[in-house]
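Colleague: Below you will find the structure I want to go over with you.
Here, each number is a calculation from the coordinates, and none is a lab measurement. Just so it is clear, the model here is predicted, and its values are computed rather than measured. In this analysis, Cβ positions are derived from the backbone assuming ideal geometry, glycine residues included, and neighbour counts consider all displayed protein chains.
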């Protein structure tokens, strides 16, 4: 948490809290979120293969693109 790498798996609430903090920083006011199961396998060592839970986020586009780059060292 707080941008630091850890062996502890964050809870769903931790993920939602982190996302809400970031969206406020970017000025995103209207969002819709829900937890979904997805089967991603990108071939990268740090991406789990098989089915995992992801936070799906939908928000309005009002003239600016918001790119969330999650830097573990920030």
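Colleague: In nm, give the distance between the simple-model label positions of residue 30 and residue 56, each being 7 Å from the Cα along the Cα-to-Cβ direction.
Modeller: 2.0 nm
Colleague: Taking Rh as the Kirkwood radius computed over C-alpha pairs, what is the Stokes-Einstein D of segment 18-60 at 20 °C in a medium of viscosity 1.002 mPa s, expressed in µm² per second? Could the numbers behind the result be given before it?
Modeller: Working: Rh = 12.1 Å.
The calculation lands on 177 µm²/s.
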